[in-house]
1. Can you find a residue that is more than 30 Å from GLU323 (Cα to Cα) and of a type in the set (Lys, Arg) anywhere in region 142-160?
2. Please find, within region 267-293, the residue that is surrounded by the fewest Cβ atoms within 10 Å (Cβ to Cβ) out of those that are more than 23 Å from GLY207 (Cβ to Cβ) and in contact (Cβ under 8 Å) with a residue 24 or more places away in the chain.
3. What are the residue pairs meeting all of these: first residue in region 139-155, first residue touching a residue at least 12 places away in the same chain (Cβ under 8 Å) and assigned to a helix (DSSP H, G or I), second residue of a type in the set (S, T, N, Q) and surrounded by fewer than 13 Cβ atoms within 10 Å (Cβ to Cβ), Cβ atoms under 6 Å, and 6 or more apart or on different chains?
4. Is one or more of the residues making up region 25-35 out of contact with any His (no Cβ under 8 Å at 6 or more places or on another chain), touching a residue at least 12 places away in the same chain (Cβ under 8 Å) and in a loop (DSSP other than H, G, I, E, B)?
5. Collect the residues in region 19-60 that are under 20 Å from PRO316 (Cβ atoms) and polar (S, T, N, Q), keeping them in residue-number order.
6. Looking at region 279-291, is at least one residue touching an Asp or Glu at 6+ places or on another chain (Cβ under 9 Å) and either closer than 14 Å to ALA179 by Cα or part of a strand (DSSP E or B) (or both)?
7. Within region 61-98, which residues are assigned to a loop (DSSP other than H, G, I, E, B) and within 16 Å of VAL110 (Cα to Cα)?
Amino acid sequence: MTEPRVLFATYPWAFETPGGGEIQLLEYERNLAAAGHPVRRHDPWSNDLSNADLVHFFSCMGGSIHFCNYVKSRGLKLVVSSSLWITEETRSLYPIGEITAQLGLADAIVTNGDVESDRLAEVLELDRSRFHTIRNACDPIFAAPVDAALFRDAYGIEGPFILNVANVEPRKNQRGLVAAAKALGMPLVVMGHARSPDYAAACWADGGDLVRYLGPIDHRSPLLRSAYAACSVFCLPSTLETPGLAALEAAAAGARLVVTAEGSTREYFGESAHYVRSDDADDIARGIAASLAAPADPSLRDRVAGRYTWNRVVEPLAALYAELCGPAPSTRGAATR
């Protein structure tokens, strides 16, 4: 069977402050190639679509519908990774009409969890059969031991601390985490891009000397793995997660895990994590305290390292591409502009 010619695309400014969604795109690309299913990144400066059978678009960022609509007008198959968690209570916060229209164009909608598929299909009134769960994952390197001293020595950090690795923005809820850390009197270390500078400034003003903001760190740096090894607990109390790339990495590294209850987190971590309400700093503090009081659960590390690695999750994605494009070599997309 001829491999389908697949292009990856996303909204133009996605990699200005890359987060989990952008890392997911790059890891899909790298691991599909390693498994014998090469893909290419869409190049808007060339006649790229003429040499493609399928476009996989990542995100439902506002305005994305226009590119997706053009892809369909060229006769190509379209896959959209939604990375969304919308409920009846929160639907008013989103451009529901545009999101529904964009996903309605897709031949397949990729989510990170079954519960995410269920929720989107229900809220957006889309056919559930068009949703396909492709798990979020982490690199196997995060399960390899790294000395905690590497991180501590590099940044001069001693003693116990809470770790948060995420873009600093309201959805990641660092301000609620700062309040929880203050209630516990426990240092907090935050790593990631300040995607919302005003929000980040408010977080650091709230936290004072209790908070260390280290900025972004290269995702494949040993310092990141060492940070997971050094922390007393990793906390990601976002307004939603599906389930959070950094949470998977921290779990694979053996860290205690406190995560939001909203999203697909339970589908990944089961009873091996502590779940909190993002809108309640007292509950975040409770979850952190409970996690610290309990012994680290080795089954969490085994669960993530054994199930949720990129090399495992890309095979069903490659199978989805092949199913959509059919067994015969395709000439889709060859129309002249």
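The values are calculated or read from the model by the stated rules, or taken from the named source; none is laboratory data. In this text the structure is predicted, and so the values were computed from the model without any measurement. Reconstructed Cβ throughout: ideal geometry from the backbone, glycine too, with neighbour counts over all protein chains shown.
1. Filtering region 142-160 down to residues more than 30 Å from GLU323 (Cα to Cα) leaves 142-160.
Restricting the remaining residues to those that are of a type in the set (Lys, Arg) gives 152.
Scanning region 142-160 turns up at least one residue that is more than 30 Å from GLU323 (Cα to Cα) and of a type in the set (Lys, Arg).
2. If we take residues in region 267-293 being more than 23 Å from GLY207 (Cβ to Cβ) and in contact (Cβ under 8 Å) with a residue 24 or more places away in the chain, then GLY270 is surrounded by the fewest Cβ atoms within 10 Å (Cβ to Cβ).
3. That search, which allows pairs on different chains as well, returns nothing.
4. Yes.
5. Within region 19-60, GLN24, ASN31 meet the criteria.
6. Filtering region 279-291 down to residues touching an Asp or Glu at 6+ places or on another chain (Cβ under 9 Å) leaves 286.
Checking which are either closer than 14 Å to ALA179 by Cα or part of a strand (DSSP E or B) (or both) leaves us with 286.
Within region 279-291 (the criterion being touching an Asp or Glu at 6+ places or on another chain (Cβ under 9 Å) and either closer than 14 Å to ALA179 by Cα or part of a strand (DSSP E or B) (or both)), the answer is yes, since at least one residue qualifies.
7. Filtering region 61-98 for residues assigned to a loop (DSSP other than H, G, I, E, B) gives 61-63, 74-76, 82-90, 94-95.
Scanning region 61-98 gives MET61, SER82, SER83, LEU84, TRP85, ILE86.
Residues checked against (1) closer than 23 Å to CYS325 by Cβ; (2) within 22 Å of the chain's Cα centre (by Cα); (3) among the β-branched types (Val, Ile, Thr):
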| site | (1), (2), (3) |
| --- | --- |
| PHE15 | no, yes, no |
| ALA35 | yes, yes, no |
| ASN51 | yes, no, no |
| MET61 | no, yes, no |
| HIS66 | no, no, no |
| ARG74 | yes, no, no |
